[in-house]
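Here the structure comes first, spelled out in structure tokens, and everything after it is commentary.
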Amino acid sequence: MHRILTVLVAAIGPPMVRMLCSTNRLSTSGNSTIDHYVTLGGNILACWHSRLLYLVYYYSYRARLPQAFVLLSRSRDGDYAYAIARAMGHLAIRGSTRRGGARAARAVMQALADGYNVLITPDGPRGPAFNVQRGIIWLASATGARIIPASYDASSKWTLGSWDRFIVPRPFGKVHIAVGEPILVPPHMDDHGIEQYRVALELELKRLDAASSKAVSSR
């Protein structure tokens, strides 16, 4: 049954995402970061697990950026996300801090070395929500890849009852995407340094959350 559902999600998911998202009026901030860095590849794109839906839609259909890898857990929910990501033209790396972490880290490092962008939700796959885990900082330090933080909010949305309070924009509203400045983590960081950058990324993502919410409420 799970396999059948996964096939159905792959077929139905992308058209539904486009239908929900394309009817929203979009504004953005931080476009220079996208133009100068994201189009070049080799970046770690960071967003909260709850903000994944519209940002993947934007990357795939509105900004038309290069094919990317998405880091997804080895869970049933991850299977569905994997099916949608592949159907939307992206590649996927399966693994998390709980399952397949070392293999996933090696795959992320190889993808970055090959010039791909890699999208990581630093509070996934099971939270705590809005709490950056240390792995993304370690990866940035080990690879030299920039971390590019991003968030969005919608003027009208469904908020699911999941651990992350996942956001699904309602049709015909307003969406604002906020992209922060790249964060470059120095190599060979010790635990103290990794913690400093972890906190900095967490604060920046929360700042982008607030900026996005303010933008959709003030227009």
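In the range 171-192, how many are more than 19 Å from the chain's Cα centre (by Cα) and among the acidic types (Asp, Glu)? Step through it out loud before you land on a result.
Filtering the range 171-192 for residues more than 19 Å from the chain's Cα centre (by Cα) gives 171-174, 186-192.
With the extra rule that they be among the acidic types (Asp, Glu), the set shrinks to 190-191.
Of the residues in that region, 2 qualify.
Every residue in the range 49-87 that is in a loop (DSSP other than H, G, I, E, B) and in contact with a Lys or Arg (Cβ under 9 Å, 6 or more places away or on another chain), please. Break it down into steps so the answer makes sense when it comes.
The first filter runs over the range 49-87 and keeps only residues in a loop (DSSP other than H, G, I, E, B), leaving 63-67, 73-75.
73, 74, 75, listed by residue number.
Within the range 160-209, work out how many residues are among the hydrophobic types (A, V, I, L, M, F, W, C), outside any loop (DSSP other than H, G, I, E, B), surrounded by 13 or more Cβ atoms within 10 Å (Cβ to Cβ) and at pLDDT 95 or above. Write out each step before concluding.
Residues of the range 160-209 that are among the hydrophobic types (A, V, I, L, M, F, W, C), as a first pass: 160, 163, 166-168, 172, 175, 177-179, 183-185, 189, 194, 199-201, 203, 205, 208.
Applying the additional criterion that residues be outside any loop (DSSP other than H, G, I, E, B) yields 167-168, 175, 177-179, 183, 194, 199-201, 203, 205, 208.
Those still in the list that are surrounded by 13 or more Cβ atoms within 10 Å (Cβ to Cβ) too: 167-168, 175, 177-179, 183, 194, 200-201, 205, 208.
Right, trim to at pLDDT 95 or above and you get 175, 177-179, 183, 194, 200-201, 205, 208.
So the answer is 10.
Count, please, the residues in the range 31-48 that happen to be under 27 Å from residue 173 (Cβ atoms) and buried (at least 22 other Cβ atoms within 10 Å of the Cβ). Break it down stepwise before answering.
Initial filter on the range 31-48 (under 27 Å from residue 173 (Cβ atoms)): 31-35, 38, 45-48.
If we keep only those that are buried (at least 22 other Cβ atoms within 10 Å of the Cβ) as well, we get 38, 45-48.
Here the count works out to 5.
Restricted to the range 135-149, and to residues that are more than 15 Å from the chain's Cα centre (by Cα) and not in a helix (DSSP H, G or I), which residue is nearest to residue 209 (Cα to Cα)?
145
Report whether or not residue 28 is crowded, with 18+ Cβ neighbours inside 10 Å, outside any helix (DSSP H, G or I) and either among the hydroxyl-bearing types (Ser, Thr, Tyr) or without any contact (Cβ under 8 Å) to a residue 60 or more places away in the chain (or both).
Working: crowded, with 18+ Cβ neighbours inside 10 Å: yes; outside any helix (DSSP H, G or I): yes; either among the hydroxyl-bearing types (Ser, Thr, Tyr) or without any contact (Cβ under 8 Å) to a residue 60 or more places away in the chain (or both): yes.
Taking the combined requirement at face value, the residue satisfies it.
Among the candidates 118, 132, single out the residue that is part of a strand (DSSP E or B) and under 16 Å from the mean Cα position of the chain (by Cα).
Working: 132 fails: part of a strand (DSSP E or B).
After applying the criteria, what remains is 118.
The conditions are (1) assigned to a loop (DSSP other than H, G, I, E, B); (2) at pLDDT 95 or above; (3) out of contact with any helix residue (DSSP H, G or I) (no Cβ under 7 Å at 6 or more places or on another chain); (4) of a type in the set (Gly, Ala, Ser), and residue 111 fails exactly one of them. Which is it?
So residue 111 meets the others, but not (1).
Among the numbered conditions (1) under 16 Å from the mean Cα position of the chain (by Cα); (2) of a type in the set (D, E, K, R); (3) at pLDDT below 95, tell me where residue 98 comes up short.
Going through (1) under 16 Å from the mean Cα position of the chain (by Cα); (2) of a type in the set (D, E, K, R); (3) at pLDDT below 95 one by one, residue 98 breaks only (1).
The values are calculated or read from the model by the stated rules, or taken from the named source; none is laboratory data. Note that the structure is predicted; figures quoted are calculated from it, not measured. Here Cβ is always computed from backbone atoms with ideal geometry, including for glycine, and neighbour counts include all displayed protein chains.
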